[in-house]
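**Q** Attaching a single structure in structure tokens format; questions to follow.
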Amino acid sequence: MKNTGTAILRNKKSAADREGAGCHAQVQQSVDHLPKILLVGTPNVGKSVIFNKLTGAYVTVSNYPGTTVEVSKGRGRIGDTVYGIIDTPGMYSMMPITEEERVTRDLLLTEDPDLVIHVTDAKNLERMLPMTLQLCESGLPVILVLNVMDEAESLGLEINVRKLESLLGIPVVPTVAAANKGLDKLKERIREYGKSAA
Ligand SMILES: Nc1nc2c(ncn2[C@@H]2O[C@H](COP(=O)(O)OP(=O)(O)OP(=O)(O)O)[C@@H](O)[C@H]2O)c(=O)[nH]1
Ligand SMILES: [Mg+2]
């Protein structure tokens, strides 16, 4: 993807610096009109690693309006489609307690995502599945990612992915995001989802 100026460069400055940068509205716009993917899940499960793999270099980070919570947005081409991809703050439940959780709940409600990727830590899958169900019950189109499969496997855990898919009725993708494993499969499932929604 070609860089069209300063608007969609990865921005590592502090939030305060960025607010003064003047390119913010442009970045926002460049993501807003695109089909949208939201990455959600509890803290520390690999959402941002997956976000970085899906978006590459064209990312902006900004405070969610009225909060000090940072939200990253970027563009990513998957198949023939360029998506706007949003990395949300960690959330334990759709019933928010912390400011971070409120921001993620608001993003889910207001961004009208074309796809929600629920990223989980495969070691703690049982604790994380209730949120998958909450997301599905909210009528959101969900793909479940079982990340950190390397650690799950070294603990001797075996997950029957096909059975989980048929029980939940949604795509389930095992990944080791930090080692770049399973990301191609995830992109393939995103492409299939896009086609079935068209
Ligand atoms: N072993 C292992 N570590 C991983 C994997 N994916 C991510 N990590 C590591 O897990 C840690 C957390 O990753 P992040 O991407 O920051 O997690 P996050 O879900 O964005 O966390 P919050 O933003 O705090 O909600 C990092 O140290 C990653 O390198 C994986 O598949 N296996
Ligand atoms: Mg993160």
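Values in this text are rule-based calculations from the coordinates and carry no lab data. Note that this is a predicted model, so its numbers are computed, not measured. Reconstructed Cβ throughout: ideal geometry from the backbone, glycine too, with neighbour counts over all protein chains shown.
**Q** Tell me, how many Å apart are the Cα centres for the range 84-103 and for the range 43-66?
**A** So the two Cα centres are separated by 13 Å.
**Q** Please list, in chain and number order, the residues 5+ apart from Lys181 or on another chain whose amide H is under 5 Å from its amide H, with Hs placed from the backbone.
**A** It is Val176, by chain and number.
**Q** Shifting gears a bit: Compute the label zone of Glu165 within the range 124-156: residues whose backbone N is under 12 Å from the point 7 Å along Cα-to-Cβ.
**A** 144
**Q** Rounded to whole Å, give me the distance from the Cα center of the range 109-155 to that of the range 170-198.
**A** Spelled out, the Cα-based centre of one part sits 12 Å from the other.
**Q** Work out from phi, with θ = phi - 60° and the Karplus expression 6.51 cos²θ - 1.76 cosθ + 1.60, the ³J(HN,Hα) of each residue of the range 137-149, listed in order in whole Hz, and give x for Gly and Pro.
**A** Residue by residue, the range 137-149 yields 5, 6, x, 7, x, 10, 10, 9, 9, 9, 8, 6, 5 Hz.
**Q** Give the order of Arg105, Arg162 when sorted by the count of other beta carbons within 10 angstrom, beginning with the fewest.
**A** Numbers: Arg105 18, Arg162 9.
Listed from fewest to most nearby Cβ atoms, that is Arg162, Arg105.
**Q** Let me ask something else. Provide the per-residue ³J(HN,Hα) series for the range 58-73, in order, calculated from phi with Karplus coefficients 6.51, -1.76, 1.60 and θ = phi - 60°, each as a whole number of Hz, with x at glycine and proline positions.
**A** Rounded to whole hertz, the list is 9, 9, 10, 10, 8, 6, 5, x, x, 9, 9, 7, 8, 10, 9, 10.
**Q** Here's something else I'd like to know. I'd like the antiparallel share, as a percent to the nearest 5, of DSSP beta bridges with both residues in the range 15-197.
**A** 45 percent
**Q** Taking a ≥ b ≥ c as the square roots of the eigenvalues of the Cα gyration tensor of the range 92-198, is the shape rounded (a/c under 1.5), prolate (a/b larger than b/c) or oblate? Intermediate values should be presented prior to the final figure.
**A** Working: a/c = 1.71, a/b = 1.23, b/c = 1.39.
Here the range 92-198 falls in the oblate category.
**Q** Another question, then. Determine the gain in length on full extension of the stretch Glu188-Glu137; use 0.36 nm per residue of separation and subtract their C-alpha separation, reporting nm with one decimal. Before the final figure, lay out each step's value.
**A** Details: separation 51, 0.36 × 51 = 18.36 nm, distance 2.42 nm.
Gain on stretching Glu188 to Glu137: 15.9 nm.
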